[in-house]
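First up is the structure itself, then whatever we jot down about it.
The values are calculated or read from the model by the stated rules, or taken from the named source; none is laboratory data. Given the structure is predicted, the values throughout are model-derived calculations rather than measurements. Please note: Cβ atoms are built from the backbone with ideal geometry, for glycine as well, and neighbour counts cover all protein chains shown. SASA here: full protein model, heavy atoms, side chains in, ligands and nucleic acids out. Shrake-Rupley method; radii C 1.70, N 1.55, O 1.52, S 1.80 Å.
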Amino acid sequence: MLEKNIVTRNIIFGFFLSVLFVLGCSKSYLQENGKTPSEIVQMAQLAIGDVQNFSFELVHKKGYIDLGNGLNLIHAHGYTSQNDFEIFTESTLGRSLIKSDAVVIADRTWITNPITGKWSEIPPDDSPINFLNPTVLMKNILTNLSDLQLLGSDESIYEVSGETYSDSFESLVGLVKAGEKIKIEMKINKLSNYLEQVSINGQIQLNDEDDFERVIYFSKYNQAKMLTPPLGND
């Protein structure tokens with residue numbers, strides 16, 4: 001009977017050793033083959049170096065971009081090819097919703113009259129969005145990051161958080177409240193390494209509130225289309 005108990009204990013002990021060995025190997029495998037948040041961001045930086053064009057969308061979960069003269073941008077989407085882009089915007093002026101479209105090609109800018117919808121070419125310096133540059137914005141988002149953390153991942157996406165400074169968003173809002181620390185969360189595609197989404201929390205402009213939250217979506221990478229001056233412009 002004693003001998004039987006000893007054999008049973010040995011079998012059980014051997015089983016637990018096997019389990020611990022498998023778990024230990026699994027952990028080592030994950031450590032050796034997983035990527036750190038810094039490596040994930042570096043891969044995203046390399047990936048955008050080959051990007052020629054992409055689509056973008058800006059959503060305010062709370063807040064707006066102050067365009068001056070009481071005009072507040074709340075939503076925008078568009079397409080960019082290098083430094084040229086088209087954009088469709090929704091803004092508020094008091095209680096009024098203002099919709100306007102713009103096309104920027106080289107040093108020329110066209111914009112629609114929000115009342116008539118008619119296109120007009122205007123001097124770039126007169127454009128309310130003359131600071132906007134989606135390509136520069138994306139590059140700035142992925143640089144000067146600190147306190148990177150991997151929030152999670154699934155089969156297709158890495159979720160990474162970090163901190164940057166408000167100066168990185170001049171190409172989004174224009175004049176910034178310089179030197180403010182901003183928390184961001186990013187979604188980066190595992191297959192392409194492209195940045196797909198960034199959530200921005202905090203004060204970027206002077207009159208922003210602490211809980212302002214902006215989300216930018218990036219999509220349709222390298223799906224080229226021709227940007228041309230709009231028909232019917234003055």
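Accessible area of the stretch 29-175 with a 1.4 Å probe: how many percent of it is carbon plus sulfur? After summing per-atom areas, the C and S share lands at 49 percent. Listed by chain and number, the aspartates and glutamates whose alpha-carbon sits under 15 Å from that of Lys61, ignoring those within fewer than 8 places in the same chain, are Glu90, Glu185, Asp208, Glu209, Asp210, Asp211, Glu213.
Summing Lys and Arg as +1 and Asp and Glu as -1 over all other residues whose Cβ lies under 12 Å from the Cβ of Glu163 gives a net charge of -1.
For the stretch 80-234, pairs of C-alpha atoms spaced more than 28 angstrom apart make up 30 percent of the total.
Convex hull volume per residue, computed on the Cα atoms of the stretch 36-126, equals 128 Å³.
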